Structure formats: structure tokens, C-alpha cells
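The values are calculated or read from the model by the stated rules, or taken from the named source; none is laboratory data. Here the structure is a predicted model, which means the values were calculated and not measured. Cβ: placed from backbone, ideal geometry, glycine included. Neighbour counts: every protein chain shown. When the accessible area is computed, the model is the full protein with side chains, heavy atoms only, and any ligands, DNA or RNA have been set aside. Shrake-Rupley method; radii C 1.70, N 1.55, O 1.52, S 1.80 Å.
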Amino acid sequence: MRAPSGPWARDAALAIAMACLMSAVWTLRGWPMLATLHLPDTDDVMRLQQIRDWLNGQRFADLTQHRLGAPPGLPMHWSRLADLVPAAIIVALAPLIGQHQAEIAAVILWPALLLASALILIATIARRIDPHGEPATAVIIAAIAYPATTIFVPGRIDHHGFQIVLLLGVVRALIGGQTFWAGAIAGALTAASIVIGLETAPLLLVTAIWLWLDWVRHPRANDQRLLGYAVSLGLALALAAVVFGGTGWRYPACDGFTSQAWRLAQAGSFAAVFLAIAGRSLGNTGARLVVSAATGAVVVAALFPSLRTCVNPYGAVDPLVARLWLDNVGEAQGLFTANPVIALGYVGLMVMGIGASIWCWLRTHGSGWAAIAAVQTAALAISCLQLRGAYAGAILAAPALAMVIGEARRRGNIWLAAAWIMSAGMLYPLAAQALAPHAPAPQPDGGATGGGAAGERARGAGGCNSPETIARLAALPKGTLMAPIDVGPYAIAGTHHRLVAAPYHRNNAANAALYRFFTARADTARRIAAAWQVDYVLYCPAMLGELGELGGSARRDHNSLIDLLDSGHPPPWLLPVGDQRPGPVIFRIERRLPR
């Protein structure tokens, strides 16, 4: 029996109110940085710059960041799809309040809209899966579901929050009924997420496998839903290839919406169309399994070369760059390699949510709970390799934990208090810090800043990424800047300079040049700077510790440039610029000195 519209409206009102409240509190707390558009993560500030470039005349299909790396620039592994809404907000508001204020509004409103959408979807999932459940409680749990909430804070305009909303939409559609349109909605949302990026692709694969298993286990009942999913996915991908196939379309890796990733997804949609149509003649589970196995074997054999290259999209990254940057990206570290305090803060709520979802499944035997538990378990598996999997796992914990709270309420106050403590995601990083008080506290997001706390310190007053440092760089005549890798996006957005390095794996040669520049002897460093036509060098005191003791063939020479700079004895071809205050030092390269 369908629930009346009243409860659904109340759920949406609560979700929107919670999103507004959380966003307002976060905005007040982060206003000094937001007011200068100094956004929380390198990807956020680069996303803003990509939007600016597009609005200032760069072609829609040109995803190149023309002031990064070697000329003519670096084709980014992103998609314009995630740019559309923040760009629309800027275009709509700029004539009324000015460009700068419109950009501030966009970086606040877009994450808030995504958070409201996520909370509404959590409420609808909770109500659909159990009409007598606890959707309001699920909304509250989701609103404080660390670390998922960190990707919805003001300034987080990169695509992670958008992808979580799309994943929740897929889950909601697949538990919504065995109809063609339920499958079609799931397929379209899946395609949109693939266009944006592949971070949630493993979780989307789990939803597709769950849909296929439901088709196998219930002959004929799910033929229409599978057909809707397959047709919608295929058509949406075909349209996306025309609209969103940008300058990196032919890039030989599955690191974004490239032709290789598109072929794999499109092959999956064709296989699903075949199975859905063939299913009308397959009346039992055994026959469907046989046909599925044969179809899968054909697809794998045809696409095996692409599958091999897609297993490790970062395999071509220079070993030195991988050692000094990629291995230290906070959210890309695995559960067992990350700092234990950070790891516990990330996965605590997700683990509790998996247990709660399994309990709900055993208690009700509902297939919807099985689907949610499957996606959560996949998120935990991903977190073992990369902690970013915890975002989806944490927010999907909300419906089941709300059911646990409802049961605890019937058992008494002690049970209720324990259930709320278990469901409060923000308590897990605090508990982890209490267990290890001398370890660095979990940061809102490890992101691309390369290690959480270090990135946050760099953004603080006087840090390498701080507004003060960026303003000093902006005052210099236009040139090419060699700076620590995480400075790149902030300097591109806040100055007119070209940057050699930035935290993007496609910028492989330039990023390797950065690290070799600082770890080489002064004469070699000068040759590297000349090859990249560098005009300025930004030195940060923290760099020496971050470069560390390199092992093997990459061992750092202790007469390297970074050691000379750290000791206060730069080579004569590096001339300090401006007043010599404590902290980051800017040097100008003097090319006229004899070698």
C-alpha cells in the first residue's frame, strides 16, 4: 500500500531543514576562507578554475588546464557534467551581485543542494524499505554521518558529493519496484555517475550485479526492470559520448570518462539488453545462469585488452611521484596503511551500519536490505584499498541504524542511548583521537592535499597554500612557477602564473620534474628549471620532512637543492623576492649568471 503524500513531504521538509542548518553552521565556521574563495581541497579550487575558464570562453569540450604542466596544458580527467550547476549559479547571480560574490554563492549553494538531495534520498529509501520505519531518524543520522558529511561542506564543489547523490538515487530506484521505469532511472543515474568519474564505479557494479541476481532468482518478474536499466544505460552513455566526450576522450586509461571506460560500460549495457530480451524465453534459474555465463565470457574476451589497462589507471605514474605524492594522498590510502586514528574515524560508522543492515535483513527478509548491505560491504572492501569508499558506506548506514534506534526505543532509555551513540558518525573520529591522543586528528577530508593534517596546515595563515602566500605570488609579474605539488591548484586559481606541478596523475612528467628539481644537486636543478622555463620557485620549510629519506635509486643527495634552501644557503641563481619573513620563501631565477 502506497504511503500518503503527507509523510513524504514531511521527510523532505526535515531533510531540507537539516541541510540548511548544517550548511549555515559550516559556512559561519569557514567564512574567512570562503570569503576569499580559498576552498577546502585542491580539487575544489581547480574545479572552480575550470568553471571560470569555461565561462570566460574556453570551449565546452576543452577540459585542458592551459596553465598547468608543459604547454599547451594538461587535459584533465574530469567532465563538464559536474560543472553545470555551479556554473549556472554563477551566471544567474553575477549580474545581480558581481562575479566574486556569485562564485561565493555557488560554492556554498551547490554542496548544500547536494546535501539536501542526499538526505531526501535517504528518507525515501528508509520509508520505501519499511513504511513503518524511522525516516526522520535516518535523516538526522545521515546529516552527521562522518566522513560522508565532509564532502558536502561549503566549498566542496568537486564531484564526490554529486556521485554519492547519484549512487543513492540508483539504490532508491532499484528498491522501488520491478518496473521498466525503475530500471530506466537506475540506468540513467549510473551513466551520469560514470560520466562524472569512476570513483563509485565499483559500487555501481555491485548494484548492477544485484539487479542481475534478482533477474536470475526471479524468472520473468524482473525482465522489464533489467531491460529498462540496460536500454537507459546504453542510450545515456551514447548521448554522453557526444556531449561530454572532451579533450581527454582518447586518453589510454580508465581514469575518467574516456573511450576505454565508455566501451566497457557500453558493452555491459548491450549484454544486459541481450539477457533481458533472452529472459523471456528462459523460464528457470539454471538456464539464465548458463546464458549469463556465456554472454559474460564473450564480453570479457572481446574487451580483455581494455580490462587489463583499466585495472590500474595510475600504473604509468612515475615511481618517484607515486612514492612522494600518490602514496600519501589521504583518501587514497588503504584501511591498513593509513594512520589508525584516521582509519577508525573513517570506517567506524560504516562497520556499524553493515551490522545493522544485516540485522534488518535477517529480521525482515527484505531484499532491499540485502541490496543496501551488499553496497555497504563493497564500500568497506574499497576502503581497505582506498578510504574514499567510506563516504558511501557511511551515509548508507543511516536507514538500518534508524531501524536499530526504533527497536532500542521500545526496549528502554539505556538501549536508546547506546543506539544513538553507535549511530552518531561524528563521534567515531573523536573516539579514535581519544584512544590515541598523540596521533594527528582526522581531518575533514584527506583529499588531494596529500595527507590531511599537512594539507590543512598549508592552508593556514602563513602556510604554502595560504591566502597570504598566494597573494604574494599574485603580485609578481606573470611567469612559470615551480612550487610544491599541492600549491598548484591554489596558485592557478589565485594568480596569473603557469604552474609546473599539481596533484593530478596525468601531469606525470611535470610532477616528476618538480621532485627531481628539489632533490637534485643545484647544477642539475638549474638545468631542470631551464628545461621547464621556470621563472619563480616557492620553497616551503615543511618540504624537507615531506620529501623524507628516499629509498633505492631515488635516495636524496644531502647536498640537494632542498637541503641548501633549508639551511638558508640558496645557490646564487636563486634570488629571494620581497621581504624575508618566516615561512614560505619565493625565489626568482636569475638566468644571466654564468653556469
note = Per the list (1) open to solvent by 10 Å² or more (accessible area, probe 1.4 Å); (2) modelled with pLDDT of 90 or more; (3) over 36 Å from the mean Cα position of the chain (by Cα), residue check on Arg506 breaks on (3)
inquiry  = So Gln58 ticks every box in (1) under 25 Å from Val487 (Cβ atoms); (2) assigned to a helix (DSSP H, G or I) but one. Which box is left unticked?
reply    = (2)
message = I need every pair where a residue in the range 208-224 that is acidic (Asp, Glu) has its Cβ under 6 Å from the Cβ of a residue that is crowded, with 16+ Cβ neighbours inside 10 Å and not in a helix (DSSP H, G or I), sequence separation at least 6 or different chains.
response = Asp214/Asn222
request  = Scan the range 176-219 for residues that are surrounded by 21 or more Cβ atoms within 10 Å (Cβ to Cβ), among the hydroxyl-bearing types (Ser, Thr, Tyr) and at pLDDT below 95 and jot them down.
outcome  = Thr200
ask   = Is there any pair linking a residue in the range 161-190 that is assigned to a helix (DSSP H, G or I) to one that is open to solvent by less than 10 Å² (accessible area, probe 1.4 Å) and among the basic types (Lys, Arg), with Cβ under 6 Å and at least six apart or on different chains, and which?
value = Ala182/Arg225; Gly183/Arg225
query = Restricted to the range 464-496, and to residues that are part of a loop (DSSP other than H, G, I, E, B) and under 21 Å from Pro154 (Cα atoms), which residue is modelled with the lowest pLDDT?
reply = Asn465
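For the range 564-591, which residues satisfy the criterion of being under 17 Å from Ala529 (Cβ atoms) and open to solvent by less than 30 Å² (accessible area, probe 1.4 Å)?
Residues of the range 564-591 under 17 Å from Ala529 (Cβ atoms): 564-565, 570-577, 585-591.
Scanning the range 564-591 gives Leu565, Pro571, Trp573, Leu574, Val585, Ile586, Phe587, Ile589, Glu590.
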inquiry  = Yes or no: the range 531-548 includes at least one residue that is more than 26 Å from Leu39 (Cα to Cα), at pLDDT below 95 and either in a loop (DSSP other than H, G, I, E, B) or among the basic types (Lys, Arg) (or both).
reply    = yes
query = How many of the residues in the range 137-152 are over 17 Å from Gly353 (Cα atoms) and either out of contact with any Ser or Thr (no Cβ under 9 Å at 6 or more places or on another chain) or assigned to a loop (DSSP other than H, G, I, E, B) (or both)?
reply = 2
message = open to solvent by less than 10 Å² (accessible area, probe 1.4 Å), at pLDDT 95 or above and not in a helix (DSSP H, G or I): is that true of Ile90 in this structure?
response = no
task = Could you please find all residues in the range 274-308 being closer than 18 Å to Leu227 by Cα, at pLDDT 90 or above and not small (Gly, Ala, Ser)?
result = Phe274, Leu275, Ile277, Arg288, Leu289, Val291, Thr295
query = Can you name the residue in the range 487-503 that is open to solvent by less than 20 Å² (accessible area, probe 1.4 Å) and in contact with a His (Cβ under 9 Å, 6 or more places away or on another chain) and is also farthest from Asp43 (Cα to Cα) among such residues?
reply = Ala491
ask   = If Ile104 satisfies every condition in (1) under 19 Å from the mean Cα position of the chain (by Cα); (2) open to solvent by less than 30 Å² (accessible area, probe 1.4 Å) but one, which is the exception?
value = (1)
key: Close pairs from the range 121-143: first surrounded by 21 or more Cβ atoms within 10 Å (Cβ to Cβ), partner not in a helix (DSSP H, G or I), Cβ under 7 Å, at least 6 apart   = Ile125/Ile175; Ala126/Gly133; Ala126/Glu134; Ile129/Ile175; Ile129/Gly366
ask   = Which pairs do you get when a residue that is farther than 15 Å from Ile125 by Cα, found in the range 1-16, comes within reach of a residue that is at pLDDT 90 or above and open to solvent by less than 60 Å² (accessible area, probe 1.4 Å), reach meaning Cβ atoms under 6 angstrom, with the pair 6+ apart or on two chains?
value = Ile16/Ala116
message = Looking only at the range 191-201, filter to residues that are part of a helix (DSSP H, G or I) and touching a helix residue (DSSP H, G or I) at 6+ places or on another chain (Cβ under 6 Å); which one of those is farthest from Ala267 (Cα to Cα)?
response = Ile196
ask   = When you go through (1) more than 18 Å from Ala302 (Cβ to Cβ); (2) out of contact with any Lys or Arg (no Cβ under 9 Å at 6 or more places or on another chain); (3) touching a residue at least 60 places away in the same chain (Cβ under 8 Å) one by one for Arg250, which number turns out not to apply?
value = (3)
inquiry  = Going residue by residue through the range 220-231, is there one that turns out to be open to solvent by 40 Å² or more (accessible area, probe 1.4 Å) and part of a helix (DSSP H, G or I)?
reply    = yes
